Amino acid sequence: MSKQKRRYTTVKNVILTAILIIAVIACLYIERTYGTSFWFDISKKVKLNSNVTEERDKFYSHFINVGQADCTLLKCNDDVVLIDAGDVDSAFTICQYLDSFGVKEIDYLILTHMHADHIGSAVDILKKYKVKNVILSRLTESNVPASYLYDELLDELNKCEAKILAANAGDTYSLDSFSFTVLAPCREYSELNNTSVVIKAVYGNLSFLYMGDAEEKSEKDIIKSGADLSADVLKLGHHGSNTSSSNEFLDAVAPQLAVASCGEYNDYGHPSPETQYKLKARNIDLYRTDTCGNIVVVCGKDSFSVVTER
């Protein structure tokens, strides 16, 4: 090979290597900025769960895949409730999802508790959408989080026009097409997980229980309160951890279907093998965002079906 040809080959290899390095850096930057779902979202042309077409007078419970975090959209016609707001890197995914289903206003934003994986993108949502009401659990001096996320949330809540409501067990909120009742917290707790706002939504003859990160202590208090826990669909507490979903609680709820919001290969092992065993022993179908992606429960007045992203 001539010196000129070798020189050309060397220059070509250097250029290709440089392009590859730049591409890798760009991918890492995009992923850090917009979250791991970016490339999938682009491939779907900003139409997550494009196999779900909304129909009038049907209730939709969207369990949005935000990794090891939580975000659930309840929607029927123009009635919209959003439970939790993912983590700090979830805003892009959540806003894309809401936009794809025509959400412009949120009747109730329920922030179950003040951990980052539940309030991480709340400020972004409050800035982008008209939020009418925000429901929060009361905190005590001992469990107020010392975090910039909490401080930023308080600042935004002071600025926005949303009405701030304290979660009181027994309070019921009615929209045009469905209603929901606050079941917890039943008392003060030192652990933030147990301060989780737990709600039961009712549409027609179907009911849905959303647990936040409530653990066994909160579950026992809900049972003691005498509240009707029976539900067709259960959003598992604490991502399916073994600290939640006690035997007594699962027997009281007796759901047909359970959903776990968890990240792929998460370090916590969620949903736990113990929880999965309890569900299997009761013939409760388990759907999980780490394997199914976005999960949508589509409901008529008396029956429901499940649509998954993958």
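The values are calculated or read from the model by the stated rules, or taken from the named source; none is laboratory data. None of these values were measured; they are calculated from a predicted model. Cβ coordinates were reconstructed from backbone atoms using ideal geometry, including for glycine residues, and neighbour counts include every protein chain displayed. Heads up: the accessible areas ignore ligands, DNA and RNA and are worked out on the full protein's heavy atoms, side chains in. Shrake-Rupley method; radii C 1.70, N 1.55, O 1.52, S 1.80 Å.
Report, by residue number, each residue of the range 134-152 that is touching a residue at least 40 places away in the same chain (Cβ under 8 Å) and under 22 Å from residue 80 (Cβ atoms).
The first filter runs over the range 134-152 and keeps only residues touching a residue at least 40 places away in the same chain (Cβ under 8 Å), leaving 135-140, 142-143, 145, 149.
Within the range 134-152, 135, 136, 137 qualify.
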- Query: Looking at this structure, is residue 116 among the aliphatic types (A, V, I, L, M), out of contact with any strand residue (DSSP E or B) (no Cβ under 9 Å at 6 or more places or on another chain), free of Cβ contacts under 8 Å to residues at least 60 places away in the same chain and more than 21 Å from residue 195 (Cβ to Cβ)?
  - Reply: no
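Going by the structure shown, is residue 72 among the hydroxyl-bearing types (Ser, Thr, Tyr) and either open to solvent by less than 10 Å² (accessible area, probe 1.4 Å) or modelled with pLDDT of 95 or more (or both)?
Values: among the hydroxyl-bearing types (Ser, Thr, Tyr): yes; either open to solvent by less than 10 Å² (accessible area, probe 1.4 Å) or modelled with pLDDT of 95 or more (or both): yes.
Criteria met by residue 72.
Tell me, please, whether a residue that is small (Gly, Ala, Ser), part of a loop (DSSP other than H, G, I, E, B) and either open to solvent by less than 10 Å² (accessible area, probe 1.4 Å) or in contact with a strand residue (DSSP E or B) (Cβ under 8 Å, 6 or more places away or on another chain) (or both) can be found in the range 253-264.
Taking the range 253-264 and keeping what is small (Gly, Ala, Ser), we get 254, 258, 260-261, 263.
Checking the rest, the ones that are also part of a loop (DSSP other than H, G, I, E, B) come to 254, 261, 263.
Okay, now just the ones that are also either open to solvent by less than 10 Å² (accessible area, probe 1.4 Å) or in contact with a strand residue (DSSP E or B) (Cβ under 8 Å, 6 or more places away or on another chain) (or both), so 261, 263.
Within the range 253-264, one or more residues are small (Gly, Ala, Ser), part of a loop (DSSP other than H, G, I, E, B) and either open to solvent by less than 10 Å² (accessible area, probe 1.4 Å) or in contact with a strand residue (DSSP E or B) (Cβ under 8 Å, 6 or more places away or on another chain) (or both).
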- When the range 285-307 is examined, which residues are found to be surrounded by fewer than 18 Cβ atoms within 10 Å (Cβ to Cβ) and of a type in the set (Val, Ile, Thr)? 291, 306, 307
- Qualifying residue in the range 105-118 (condition: hydrophobic (A, V, I, L, M, F, W, C), outside any helix (DSSP H, G or I), out of contact with any Asp or Glu (no Cβ under 7 Å at 6 or more places or on another chain) and surrounded by fewer than 18 Cβ atoms within 10 Å (Cβ to Cβ)): no
- Message: So if I check each of 257, 209, 234, 286, which one is in contact with a Gly (Cβ under 9 Å, 6 or more places away or on another chain), over 17 Å from residue 66 (Cβ atoms) and not hydroxyl-bearing (Ser, Thr, Tyr)?
- Response: 286
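Can you tell me which residue within the range 181-197, out of those that are within 12 Å of residue 170 (Cβ to Cβ) and of a type in the set (A, V, I, L, M), is surrounded by the fewest Cβ atoms within 10 Å (Cβ to Cβ)? Give the steps one after another, and end with the answer.
First pass over the range 181-197, keeping only residues within 12 Å of residue 170 (Cβ to Cβ): 181-186.
If we keep only those that are of a type in the set (A, V, I, L, M) too, we end up with 182-184.
Values: 182: 23, 183: 25, 184: 26.
Selected residue: 182.
When you look at residue 277, is it closer than 23 Å to residue 290 by Cβ, in contact with a His (Cβ under 9 Å, 6 or more places away or on another chain) and surrounded by fewer than 21 Cβ atoms within 10 Å (Cβ to Cβ), yes or no? Reasoning before the result, please.
Values: closer than 23 Å to residue 290 by Cβ: yes; in contact with a His (Cβ under 9 Å, 6 or more places away or on another chain): no; surrounded by fewer than 21 Cβ atoms within 10 Å (Cβ to Cβ): yes.
No.
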- Message: Criterion first (part of a strand (DSSP E or B) and open to solvent by 30 Å² or more (accessible area, probe 1.4 Å)) does residue 200 satisfy it?
- Response: no
- Which condition does residue 140 not pass, out of (1) surrounded by 16 or more Cβ atoms within 10 Å (Cβ to Cβ); (2) of a type outside the set (Phe, Trp, Tyr); (3) in a loop (DSSP other than H, G, I, E, B), if it passes all the others? (1)
